Amino acid sequence: MPEGTRVYAIGDIHGRADLLDQLHEKIREDARHADVQRHVVVYLGDYVDRGLDSKGVIDRLLDDPLPGFEKIFLKGNHEDAFLKFFLEPEFGRDWKYYGGLETLMSYGVKALPLKDEPEAFVAARDELARNFPASHLDFLGGLRLWHEEGDFYFAHAGVRPGRALEEQTGDDLMWIRDDFLASDVDFGKVVVHGHTPEEQPVQRANRIGIDTGAYITGILTCAVLEESECRFIQIGA
């Protein structure tokens, strides 16, 4: 990291607003003792789905929980799916099986599409649109696909091996899994990512993975990067 900068990278939250509140408090306490000029927090995406309070997660992120920090919000595959449901309600047939129903419930949708009938998905989408705050839509629409700081590259899922960082596609940055995880090539920078849950944070020469499955394990992980140091703050561990 550049001298005088400390970066906090937060893994997949998935509707666990309760854990996010606790992690923000730990980060604030950690930052009070830092002798640096610049604090940056990078959220790696997957704010919604699976957990029960997706709406609460976005509410908190919009409420400036870390004043004085530079904030970077990345887009995960679950935000990609959420936005697709707005445009194509029939996509809910897939989305509901990886957390979409929980997200609809968090926004007060009563017409839950429990059966795979096209009209049920349209009704759910229409009710969601009526309940959905404009600020949340602006938030989702403004998410970034990647961020760079010093020798680190941040993306939700990872990068495509053999392709330069400046040539990565949105689909890979949000959705890639096995080809990235199995690769030991030098990506040009150390990739900090979420997307693939593990019991513990993963540190390799070319990547740092910090998705610890918060929605089911109750463990939310943050990587703290400063100069050549990497350490972790966890809630629920």
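Note on the chain: with a GNM built from Cα contacts shorter than 10 Å, the maximum mean-square fluctuation among Leu44, Leu220, Leu112 falls on Leu112. The modelled label-to-label distance for the pair Glu166/Leu114, using points 7 Å beyond Cα in the direction of Cβ, is 5.4 nm. Among Asp178, Asp46, Asp59, which one shows the highest mean-square fluctuation when the chain is modelled as a Gaussian network with alpha-carbon springs under 10 Å? Maximum fluctuation in the GNM of the chain, among the listed residues, is at Asp178.
Around the Cα centre of the chain, unit charges on the Cβ atoms of Lys, Arg, Asp and Glu (plus for the first two, minus for the last two) sum to a dipole of about 340 debye.
Using a simple spin-label model with pseudo-atoms 7 Å out from Cα toward Cβ, Leu83 and Leu52 lie 3.0 nm apart. Among the lysines of the chain, pairs that are 8 or more positions apart or on different chains and have alpha carbons within less than 26 Å of each other number 19.
For the chain, the equivalent ellipsoid built from the Cα gyration tensor has semi-axes of 30, 20, 15 Å, listed from largest to smallest. Model label points for Asp151 and Arg177, set 7 angstrom from Cα along the Cα-to-Cβ axis, are 3.1 nm apart.
Within the chain, what is the longest stretch that has no trypsin sites (Lys or Arg not before Pro) placed in a DSSP loop and near at most 15 other beta-carbon atoms within 10 Å?
Working: sites that count: Lys110, Lys115, Arg163, Arg177, Arg204.
Here the longest segment lacking exposed loop sites spans 1-109.
If you run the Gaussian network model on the chain, springs between alpha carbon atoms under 10 Å, then out of Asp21, Asp126, Asp179 the most flexible one is Asp179.
Quick note: the coordinates plus some simple rules give every number you see, no bench work behind them. All figures in this text were calculated on a predicted structure; none of them were measured in a lab. Positions of Cβ are backbone-derived with ideal geometry, glycine not excepted, and every protein chain shown enters the neighbour counts.
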